[in-house]
Amino acid sequence: MSHDRIDLVVASLEEWDEVWRRNQYLVAGLLRARPAMRVLFVEPPSDPLHAARSGRRPRRGRGLRRGPALDGVDGERLWLLEPTKLLPRRVHRGADARLARAVVRAAAHLGMDPTLWVNDPSAAALLDLVDWPALYDVTDDWTAARRGEAEGSRLVDNERRLLDGCAEVVVCSPALAERKRGNARLTLVTNGVDLTRYRTPALRPADLPAGRVALYVGTVHRDRFDVAACVRTARRLAETGSATVVLVGPTLLDDADRDALRSAGVLLLGSRPYETVPAYLQHADVLLVPHIVDAFTDSLDPIKAYEYRAVGRPIVATPVAGFRDAGSSAVVVSPAEDFASTVAEVLARTPGAGLGPMDGCLPTWDTQVNLVGEVLDRIRRRSPTPG
């Protein structure tokens with residue numbers, strides 16, 4: 001991998017916080033591997049009006065600021081930008097263009113002549129403002145998600161612009177590779193796992209309940225999480241006193257769903273720092289994947305598919321991508337209607353929790369960073385030299 005100077009502007013679907021996802025692992029890995037690299041990581045905009053309507057405290061975006069310190073990364077090489085979305089798109093048709101101009105100003109302030117890495121399809125508006133060479137990293141097929149007509153049309157339009165306008169396209173799953181064939185060169189770069197952290201024995205987290213635990217780690221969102229299946233599972237395990245269902249991760253549900261889960265005995269712990277996640281997985285008696293099965297979830301490459309298998313605990317999953325074809329004795333696939341009984345059966349034959357033997361050969365973030373670096377190098381070689 002080349003270590004020459006390259007600046008990146010990363011338009012991310014998630015903010016840079018303590019819950020690490022694909023973008024953080026790849027960006028941090030690139031910064032460590034390339035000492036001359038700088039990154040402007042663009043977070044989703046703050047939306048004060050939406051926050052107020054949702055009963056949360058509205059606030060303006062935090063703007064341009066230094067990123068957090070990263071092990072192995074010297075100097076001010078990671079910058080974060082959180083712009084402010086003042087009005088909804090249905091009211092202000094130029095909302096995405098306004099946000100794109102904020103990104104251009106921030107990059108200019110940092111003296112960047114960057115490569116653009118788009119993960120958030122809304123950043124397609126940047127292609128109208130700059131001639132930066134661009135990479136489209138597709139991690140979710142939002143065109144298959146359940147959205148209103150106007151939002152769905154906007155997503156399809158942005159997707160088309162990115163597939164046609166970016167020099168390279170990276171996808172995280174074979175299903176996306178089939179769906180996103182376009183004019184650009186397409187590369188499959190799946191997610192991965194930090195084996196050192198997940199294979200190092202950790203103490204049981206103090207906030208896990210006493211007794212046996214059936215654990216889910218990940219974002220709890222109606223786009224992928226089957227609330228009804230989780231409720232049935234928690235009730236079944238509570239009736240027999242065999243285990244407690246615990247959810248670790250951002251909980252993006254309405255009050256009715258939260259109440260239904262809690263009433264069934266589910267413990268919602270919320271987000272936990274990424275450094276602590278291996279301990280929760282290692283001390284689970286069974287790991288859960290109660291996901292909805294549809295065209296959207298079939299496009300995904302769940303990071304938990306690698307993290308779960310890395311700790312060697314038994315897994316019960318609905319027949320979703322990443323698990324139904326895992327070819328692993330540790331994974332038991334069950335339809336949603338039988339999910340609760342399957343979890344109970346797996347628990348009954350599972351000994352106590354603890355780090356188990358690793359399930360097969362898993363891709364690491366180091367290898368995936370190298371693959372993305374090769375894509376970035378191709379883009380740079382094809383781009384005209386500035387000046």
Residues (surrounded by fewer than 21 Cβ atoms within 10 Å (Cβ to Cβ) and either among the aromatic types (Phe, Trp, Tyr) or not assigned by TED's automatic domain parsing to the domain that holds Arg204 (or both)) located in region 318-333: none
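Quick grid of which residues meet (1) touching a residue at least 24 places away in the same chain (Cβ under 8 Å); (2) within 30 Å of Trp142 (Cα to Cα); (3) among the polar types (S, T, N, Q); (4) touching a Ser or Thr at 6+ places or on another chain (Cβ under 7 Å):
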site: Arg185; (1), (2), (3), (4): yes, yes, no, no
site: Leu188; (1), (2), (3), (4): no, yes, no, no
site: Val213; (1), (2), (3), (4): yes, no, no, yes
site: Cys230; (1), (2), (3), (4): yes, yes, no, no
site: Leu247; (1), (2), (3), (4): yes, yes, no, no
site: Leu252; (1), (2), (3), (4): yes, yes, no, yes
site: Ala260; (1), (2), (3), (4): yes, yes, no, no
site: Ala264; (1), (2), (3), (4): yes, no, no, no
site: Leu267; (1), (2), (3), (4): yes, yes, no, yes
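Let's see how each residue does on (1) assigned by TED's automatic domain parsing to the domain that holds Met112; (2) within 18 Å of Val372 (Cα to Cα); (3) surrounded by fewer than 16 Cβ atoms within 10 Å (Cβ to Cβ):
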{"position": "Leu13", "(1), (2), (3)": "yes, yes, no"}
{"position": "Glu18", "(1), (2), (3)": "yes, no, yes"}
{"position": "Tyr25", "(1), (2), (3)": "yes, yes, no"}
{"position": "Pro35", "(1), (2), (3)": "yes, yes, yes"}
{"position": "Leu40", "(1), (2), (3)": "yes, yes, no"}
{"position": "Leu49", "(1), (2), (3)": "yes, no, yes"}
{"position": "Arg56", "(1), (2), (3)": "yes, no, yes"}
{"position": "Gly67", "(1), (2), (3)": "yes, no, no"}
{"position": "Asp74", "(1), (2), (3)": "yes, no, yes"}
Identify all residues within region 269-317 that are in a strand (DSSP E or B) and crowded, with 22+ Cβ neighbours inside 10 Å; write none if there are none. Val286, Leu287, Leu288, Val289, His291, Ile315, Val316, Ala317
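Can you pull out every residue in region 323-361 that is closer than 13 Å to Asp285 by Cα and assigned to a helix (DSSP H, G or I)? First the steps, then the outcome.
Narrowing region 323-361 to residues closer than 13 Å to Asp285 by Cα: 330, 343-356.
Those that are closer than 13 Å to Asp285 by Cα and assigned to a helix (DSSP H, G or I): Val343, Ala344, Glu345, Val346, Leu347, Ala348.
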Scan region 164-171 and tell me whether some residue there is outside any helix (DSSP H, G or I), modelled with pLDDT under 90 and among the hydrophobic types (A, V, I, L, M, F, W, C). no
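For region 265-282, how many residues are among the β-branched types (Val, Ile, Thr) and over 11 Å from Leu247 (Cα atoms)? Can you show your working first?
Applying the first criterion (among the β-branched types (Val, Ile, Thr)) to region 265-282 yields 266, 276-277.
Subset that is over 11 Å from Leu247 (Cα atoms): 276-277.
Qualifying residue count for the region: 2.
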Here are the criteria: (1) touching a His at 6+ places or on another chain (Cβ under 9 Å); (2) modelled with pLDDT of 95 or more. Tell me which single one Arg98 does not satisfy. (2)
Looking at (1) modelled with pLDDT of 95 or more; (2) surrounded by fewer than 16 Cβ atoms within 10 Å (Cβ to Cβ); (3) not hydrophobic (A, V, I, L, M, F, W, C), which one does Ser2 not meet, given that it meets all the others? (1)
Can you confirm whether region 6-21 contains a residue that is assigned to a loop (DSSP other than H, G, I, E, B), touching a residue at least 60 places away in the same chain (Cβ under 8 Å) and hydroxyl-bearing (Ser, Thr, Tyr)? yes
State all residues of region 160-170 that are touching an Asp or Glu at 6+ places or on another chain (Cβ under 9 Å) and closer than 13 Å to Thr143 by Cβ; if no residue qualifies, say none. Arg161
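Can you tell me which residues in region 105-130 are under 18 Å from the mean Cα position of the chain (by Cα) and assigned to a helix (DSSP H, G or I)? Walk me through how you get there before you give the answer.
Step one: list which residues in region 105-130 are under 18 Å from the mean Cα position of the chain (by Cα), which gives 117-123.
Matches in region 105-130: Pro121, Ser122, Ala123.
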I need every pair where a residue in region 29-46 that is part of a strand (DSSP E or B) has its Cβ under 9 Å from the Cβ of a residue that is acidic (Asp, Glu), sequence separation at least 6 or different chains. Arg38/Asp7; Arg38/Glu76; Val39/Asp7; Leu40/Asp7; Phe41/Glu15; Val42/Glu82; Val42/Asp120; Ser46/Glu82
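Within region 195-234, can you find the residues that are out of contact with any strand residue (DSSP E or B) (no Cβ under 7 Å at 6 or more places or on another chain), farther than 15 Å from Leu288 by Cα and surrounded by 15 or more Cβ atoms within 10 Å (Cβ to Cβ)? Break it down stepwise before answering.
First pass over region 195-234, keeping only residues out of contact with any strand residue (DSSP E or B) (no Cβ under 7 Å at 6 or more places or on another chain): 196-206, 210, 212, 218, 222-223, 227-229, 231-232.
Now narrow it down to the ones that are farther than 15 Å from Leu288 by Cα: 196-206, 210, 222-223.
Scanning region 195-234 gives Arg197, Tyr198, Arg199, Ala202, Pro205, Asp223.
State all residues of region 131-150 that are at pLDDT below 90 and either within 21 Å of the chain's Cα centre (by Cα) or not assigned by TED's automatic domain parsing to the domain that holds Arg21 (or both); if no residue qualifies, say none.
Those that are at pLDDT below 90 and either within 21 Å of the chain's Cα centre (by Cα) or not assigned by TED's automatic domain parsing to the domain that holds Arg21 (or both): Asp140, Asp141, Trp142, Thr143, Ala144, Ala145, Arg146, Arg147.
Which ones in region 131-156 are outside any loop (DSSP other than H, G, I, E, B), surrounded by fewer than 17 Cβ atoms within 10 Å (Cβ to Cβ) and without any contact (Cβ under 8 Å) to a residue 24 or more places away in the chain?
The answer is Glu149, Glu151, Gly152, Ser153, Val156.
The values are calculated or read from the model by the stated rules, or taken from the named source; none is laboratory data. Only a predicted model underlies this, so the values are computations on that prediction, with no experimental measurement involved. Here the Cβ is made from the backbone with ideal geometry for all residues, glycine too, and neighbour counts use every protein chain on show.
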